[in-house]
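K.L.:
The following block contains the structure, expressed as structure tokens.
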Amino acid sequence: MGQTTATIFDVLVVGGGHAGIEAAYAAARMGQRTLLVTMHLDLIGQMSCNPSVGGIGKGHLVREIDAMGGAMGELADRSGIQFKMLNTRKGAAVQAIRAQCDRSRYRVEARKLLDSQPSLFLRQGETVDLGIVNGQIDHIVLQDGSRIHGRSIVLTTGTFLNGRLHVGLDATSGGRGGERATTGLSSVLSDKCGLSLGRMKTGTPPRLLGRSIAFERMVPQPGDNPVPFFSLFSPPNTLFYGGPQKPCFLTSTTDRTREVIEENLDRSPLYSGKIHGIGPRYCPSIEDKIVKFPQRATHHIFVEPEGIDVDEYYPNGISTSLPLDVQEKIVSSIPGLEQAVILRPGYAVEYDFVFPDQLDHTLRTKTLSNLFLAGQINGTTGYEEAAGQGLVAGINAALLASGRPSWAPDRQSSYLGVMVDDLVTHSVDEPYRMFTSRAENRLYIRNDNAADRLSPQALLLGLLPPQKAEEYSRRDSFHRQLRAALSSTRKEGKSLLDLLRSPDYSLALLIGEALPDHFSHVPPSWLSSLEQEVKYDGYVKISNDRWNRMDDLPIPPEILELQLPGISREVHHRLKKERPSRLSEAQSLRGITPGSIDLLRISILKFQHKNRS
Amino acid sequence: MEPIVAPVTVLVSQPVGILRLSGDNLSDRIKPLFPSLPSTLEHRRIYRATAIERGSPVDDCLLLFFKAPQSFTGEDLVEIQAHGNPHNIRHLLALLHGLGIRLARPGEFSLRAYQNRKISLLKAESLHRMILAPSYAEFQVAHHHYTSSENHPLYGIRDDFLNLLALFFTLLDHPEEEEEALSNLSPHVLQDRIQTLERSISEVINRTAKAKKPFNGFTVLIAGHPNSGKSSLFNRILKDNRAIVSPLPGTTRDLLEGRLSFPFGDLVLLDSAGLRPSEDGIEQEGIRRARRSLSRVDCVLWIACPDFPAPPDFLPSQKGIPFFLLWNKVDLTTPSDPSRYDHLVSARTRRGLPSLCERLSRLAETYYSSSLPGSSSLDSDRQIKTLRRLRLSIRRSRSFLESGRIDLALSALEEGRRVLDDGVGAIPASDIYDRVFNLFCLGK
């Protein structure tokens, strides 16, 4: 078969989910001729679980993706029907946005965004094989026999690798409800690419018909006003349909729900041993919740609208793989859902994933030098985690294709860095989800300062289009002017900047009293981010100092040849093999405990001392 | 690591003397001394072998072999049982030294066990406490800590601390849970939990501080001016009671230590060579040292003599510990006012000594029966320091929590986590997440 320009690309992205979108979009923004191959073009950007984006930790990721010029924040803003800022009473460092989205609108917006990129192309087809030449992927092979060449490849196959759907004791092959799985690619990854694979599972609840739900029997959960959009650059002024936000509704399980589940546990694929994959503990099925927390009388259910054009609802909290007749009984045992009609049954899906410690910090596999993996294939769960990885993999696929040095997000300054570092350093033993508790430097990597942390890097990488770059620099210079004004203006013998550090003062108050009016005529997010920056400054410094003091020691290569008191043979062996040049690097090695880092630090200090005297 | 050796038994004449060796490839090392040993030794086997020096046999020995890493130190470990004549043992030590096996420093076997991750730092400290325990009751406490880490008070605190961290993680990462479980997860609940933890840390610290010197036992300080006869009294009491004067230096360089072992526990006698008066009475530094010694002992014997018949003003009734005024050398002179003195003694003639010793041993017995060592006291000063630092970060966390800044409160707690990492052993994140998901039914 001849190689035409239609079959030669810089970057190939396999998969059109949230990871695939970010990977392809990033590579295209960086000027690479990019092809996104997916099994169904109409399902690009499908939200296969609940119709919601963000949350604690996850919302932080969305903000960071947005600061890097990525898609997810904008797509959620353009398809959102309800927005909320979470944790408002717990400190700015742990606040994050969550949005309910219109499921079909999200897909439309994703497609529009990808179509608008001049160097990005789409192709429908199932990838069945990878052609390997000289330790690199040369091309991918589609089911119709076409070969497509790329300099670098990003695989984002989600739950489709050997996907198996379970409803009751019936199991069928499939990647998502109503969609078929990819069956051949798993063995290509293990046999041809030398990667080791594991198996995970996740699940969804049945979807319900709106007009059969008694909403008046449930508690409405409204969104916030003003609407907290994700986008840092030019957020929309209104929701896409111009109307008010849609509420969610709160209800809960009953004693009857428990009885139904207990009576039918033998028909659950989870409890009859048919499902072997590891499920996420933070997304348990309703049967798990009943079995593991028998003392708990009720479990809450959030009934979420699927969109404005469809009368379909997602009862978040009763994910289940019990048979359909049991699902019907569960639903009818819940206040407000007594008469509810099931539109689509809930199911559990089992799928293959690749243990992510076989990747480096750019999400490139250690076995094939131009293969990148992102999303659920790496053992994570969630749209946001997938998108974040897609961004990192897409950037590095583009850098590799254009012969530029790679880029890895830093653990100390982003959730993206925390996630990638956790994955490739510690691998996973259950589906990985982002939490703020995973980030040591939580006080610095906040929702409000994502642009300050990441946009400068995005500019260097060429990820921000001119209009966003321009907006970032306006925001940045505004911050500098305001900061200068705050530190040069005095009140009660102190500078306004010092006053602002105290919890008793707010920026709005200080501007209103002591600064020219023009400072208040900017997007509110510009003001709040500076305000938090000042308030957290001192604490961030303390925590940074500690890290620097702890981390920034070079490891003299000679020292690894000496006896290192307290360091076990295994650790010593690993250090000798990997030869890290700094403590921070040693820390990221697999199997190196914090205790051995401390011992190594002591040995280095002693060594330096001895050499000096 | 380089091979080391230490005598396990004291160097006195006795039927058996034991040497213990640890290091890499020990069987190769000792082969020249015991040529009859097979070339590879089996784990946990006993070998009978003759030590040979330049072709001639020097002693018949039993050798116990433990193969790395299944030994106490994690290295090859050999115990040599030889005939317990001290000259023989010294000669064997010299022969081993010739094979490049040096004498171990104090505590080096435990240190290696710790370095090779055979025992934790806590365990090493419990072991140390076990060995030095001044009474059987103390020994039992230390052994209780040693056999199971759950028995250690630090572990209880660590456990409560991790549960607290799990609550914080849950509160911050699962806001939807807060709405559901308001009763058992709110800043208020956290406040209570933090206070409870802070209290139990303080209790452990106080209890340990009250036990003062956790494993030194009932301590008597002999003090007085030079030439008042302190040292002769010290030696006489020890000798009459057939005690072994401890070969270890005392707690400070200025003190000599001796131990009397009674069935109920040890009586530690300290000879303070350090209280040196200058021309104009006792100099400041001397007073400071004396005061410090006094604050650490359980009883003081002040020796008066004709030149200095009264104790200095700063001495009496320090913190209510028993204080006895002694008149020594009563065989030479008698005091003008005998009723001022608690005991009239003579170290030379032993006069008055039996009743003094009787009194001291009664005091020691009361001490051991009334201050039964609680299993909740700590093993070392290092552990006290760890808890103090932990308490500091918990207090900071509490004050942040009071002003509603939960994110800062968590960061303060995480500093505490590092303190525990250093002091007790690393806490993996998965440990905390396990607690999060076992405590709450999270997620939708």
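K.L.:
Within segment A:57-73, is there a residue that is over 19 Å from the mean Cα position of the chain (by Cα), among the small types (Gly, Ala, Ser) and at positive phi?
P.N.:
No: zero hits.
K.L.:
Quick one: in segment B:394-435, which of the residues that are more than 28 Å from B:HIS145 (Cβ to Cβ) and among the basic types (Lys, Arg) is farthest from the other protein chains (Cβ to nearest Cβ)?
P.N.:
Applying the filter and picking the extreme gives B:ARG398.
K.L.:
Are there helices (runs of 4 or more DSSP H) fully within segment B:58-168 with at least 1 residues that are within 14 Å of another protein chain (Cβ to nearest Cβ)? List them.
P.N.:
Answer list for segment B:58-168: B:108-115, B:121-132.
K.L.:
Considering every residue within segment A:288-303, establish whether at least one is at pLDDT 95 or above, on the phi < 0 side of the Ramachandran plot and either away from every other protein chain (no Cβ under 14 Å) or buried (at least 24 other Cβ atoms within 10 Å of the Cβ) (or both).
P.N.:
Yes, segment A:288-303 contains at least one residue that is at pLDDT 95 or above, on the phi < 0 side of the Ramachandran plot and either away from every other protein chain (no Cβ under 14 Å) or buried (at least 24 other Cβ atoms within 10 Å of the Cβ) (or both).
K.L.:
Among the listed residues A:LEU185, A:LEU208, which satisfies the condition of being modelled with pLDDT of 95 or more and either farther than 16 Å from A:PRO269 by Cα or within 23 Å of the chain's Cα centre (by Cα) (or both)?
P.N.:
Every option except A:LEU208 fails the conditions.
K.L.:
Next question. Do we find that A:GLY307 is at pLDDT 90 or above and crowded, with 22+ Cβ neighbours inside 10 Å in this structure?
P.N.:
In short, no.
K.L.:
Please determine, by comparing only the residues of segment A:442-479 that are assigned to a helix (DSSP H, G or I) and of a type in the set (Lys, Arg), which one is farthest from A:ASP537 (Cα to Cα).
P.N.:
Residue satisfying both the conditions and the ranking: A:LYS468.
K.L.:
So, one more: So which residues in segment A:90-144 are under 19 Å from A:SER187 (Cβ atoms) and among the hydroxyl-bearing types (Ser, Thr, Tyr), if there are any at all?
P.N.:
A:THR127
K.L.:
Quick one: A:LEU322 ticks every box in (1) under 30 Å from the mean Cα position of the chain (by Cα); (2) in the same structural domain as A:PHE215 (by TED's automatic domain parsing); (3) hydrophobic (A, V, I, L, M, F, W, C); (4) at pLDDT 95 or above except a single one, so which number is it?
P.N.:
(4)
K.L.:
Output the residues belonging to segment B:386-444 that are touching a residue at least 60 places away in the same chain (Cβ under 8 Å), farther than 30 Å from B:LYS118 by Cβ and touching a Gly at 6+ places or on another chain (Cβ under 9 Å).
P.N.:
Within segment B:386-444, B:ARG391, B:ILE394, B:SER397, B:GLY404, B:ILE406, B:ASP407, B:ALA409, B:LEU410, B:GLY443, B:LYS444 qualify.
K.L.:
Name the residues in segment A:448-505 that are of a type in the set (Ser, Thr, Tyr) and closer than 22 Å to A:SER414 by Cα, would you?
P.N.:
Matches in segment A:448-505: A:SER455, A:TYR472, A:SER473.
K.L.:
So which helices (runs of 4 or more DSSP H) stay within segment A:45-147 end to end and still have 1 or more residues that are within 14 Å of chain B (Cβ to nearest Cβ), small (Gly, Ala, Ser) and touching a strand residue (DSSP E or B) at 6+ places or on another chain (Cβ under 9 Å)?
P.N.:
Qualifying helices (runs of 4 or more DSSP H): A:58-67.
K.L.:
Considering segment B:393-435 alone, what residues qualify as being basic (Lys, Arg) and either outside any helix (DSSP H, G or I) or not assigned by TED's automatic domain parsing to the domain that holds B:GLN195 (or both)?
P.N.:
The one that is basic (Lys, Arg) and either outside any helix (DSSP H, G or I) or not assigned by TED's automatic domain parsing to the domain that holds B:GLN195 (or both): B:ARG405.
K.L.:
Further question on the same structure: Filter segment B:41-55 for residues that are outside any loop (DSSP other than H, G, I, E, B) and of a type in the set (A, V, I, L, M); which is surrounded by the most Cβ atoms within 10 Å (Cβ to Cβ)?
P.N.:
Among those that are outside any loop (DSSP other than H, G, I, E, B) and of a type in the set (A, V, I, L, M), it is B:ALA51.
K.L.:
Taking A:GLY31 as the residue in question, decide whether it is within 14 Å of the chain's Cα centre (by Cα), under 17 Å from A:LEU464 (Cβ atoms), not in a strand (DSSP E or B) and not hydrophobic (A, V, I, L, M, F, W, C).
P.N.:
no
K.L.:
Could you check how many residues of segment A:412-424 are without any contact (Cβ under 8 Å) to a residue 40 or more places away in the chain and buried (at least 24 other Cβ atoms within 10 Å of the Cβ)?
P.N.:
Of the residues in segment A:412-424, 1 are without any contact (Cβ under 8 Å) to a residue 40 or more places away in the chain and buried (at least 24 other Cβ atoms within 10 Å of the Cβ).
K.L.:
In the set B:VAL220, B:VAL245, which member is at pLDDT 85 or above and more than 14 Å from chain A (Cβ to nearest Cβ)?
P.N.:
B:VAL220
K.L.:
Determine which single condition A:SER285 fails, assuming it passes every other condition in (1) touching a helix residue (DSSP H, G or I) at 6+ places or on another chain (Cβ under 6 Å); (2) crowded, with 24+ Cβ neighbours inside 10 Å; (3) under 30 Å from A:THR425 (Cα atoms).
P.N.:
(1)
K.L.:
Looking at the structure I just gave you, is A:ARG63 closer than 23 Å to A:SER455 by Cβ, in contact (Cβ under 8 Å) with a residue 12 or more places away in the chain and basic (Lys, Arg)?
P.N.:
yes
The values are calculated or read from the model by the stated rules, or taken from the named source; none is laboratory data. Note that the structure is predicted; figures quoted are calculated from it, not measured. Every residue, glycine as well, gets a Cβ built from its backbone with ideal geometry; the counts of neighbours run over all protein chains shown.
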